[in-house]
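Shown next, in structure tokens, is the structure this report addresses.
Each reported figure results from applying straightforward, stated rules to the coordinates on display, with no laboratory input. Model, not experiment: these values are computed from the prediction. In this analysis, Cβ positions are derived from the backbone assuming ideal geometry, glycine residues included, and neighbour counts consider all displayed protein chains.
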Amino acid sequence: MDRSDRAEELFRQGYNCGQAVFAAFSDIAGVTAEEAAKIASPFGAGFGKMREVCGAVSGMTLLAGYLQGYSDPADHEGKKELYALIQNMCREFEEAEGSLICRDLLGLNKGEDIAEPAVRTEEYYQNRPCVGACRKAAEIAEKYLLK
């Protein structure tokens, strides 16, 4: 099973988009799937269902930071390289999916649909771009981070 298949499987099991992408690489990150899910849990539905940056994008960039991030605030070159990496990954996601913003991907207005998490049904999976976004984010992460 490749990483995009794993991200889809996790999303279909009920994990949010950020969790699905990050946890699809938990073995590479050196954490358990449960730890990855906990770390990425706030990023679902565009940051706690605020419909901001797509959770799949957040999971992808969280993984990039975890694997290739810098820890020294004086590491100018490391920061420059990481930001370029993130920009390239996000550009590719946006070109493929149309936006980096959850509400744009879902066709929602700001502030719309911020109550309870949606009930996951087969219709939910068929009518939303989230499965494809998880797959694409995992595919991009694999391309850029697992060379």
Compute the distance from the alpha-carbon center of the range 1-69 to that of the range 103-140, in whole Å. 14
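Take the Cβ-Cβ distance between Q13 and L108 as r, set R0 to 22 Å, and report the resulting FRET efficiency rounded to the nearest 0.05.
Working: r = 24 Å, r/R0 = 1.10.
After rounding to 0.05, the efficiency reads 0.35.
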Just to verify a number: FRET efficiency for D2 and S71, C-beta to C-beta distance, R0 = 35 Å, to 0.05? 0.70
Distance (nanometres) between label positions extended 7 Å along Cα→Cβ at D27 and S99: 3.6
Set of lysines with alpha-carbon distance to K80 below 24 Å, sequence-local pairs under 8 removed: K143, K147
On Cα atoms only, tilt of 55-68 relative to the major axis of the chain in degrees: 20
Degrees between helix 76-97 axis and first principal axis of the chain (Cα, 0 to 90, nearest 10): 30
Roughly what would the spin-label model give for A118 and A84, points 7 Å off Cα along C-beta, in nm? 3.8
Straight-line reach only, C-alpha to C-alpha below 14 angstrom: list the aspartates and glutamates that K110 could link to, leaving out same-chain residues fewer than 8 apart. E52
Of the residues A137, A84, A33, which exhibits the maximal mean-square fluctuation in a Gaussian network model of the chain defined by a 10 Å Cα contact cut-off? A84
Ordered by fewest other Cβ atoms within 10 Å, a rough proxy for footprinting exposure, L10, L67 read L67, L10
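Just to verify a number: FRET efficiency for E35 and N127, C-beta to C-beta distance, R0 = 25 Å, to 0.05?
Numbers: r = 31 Å, r/R0 = 1.26.
The formula returns an efficiency of 0.20 here.
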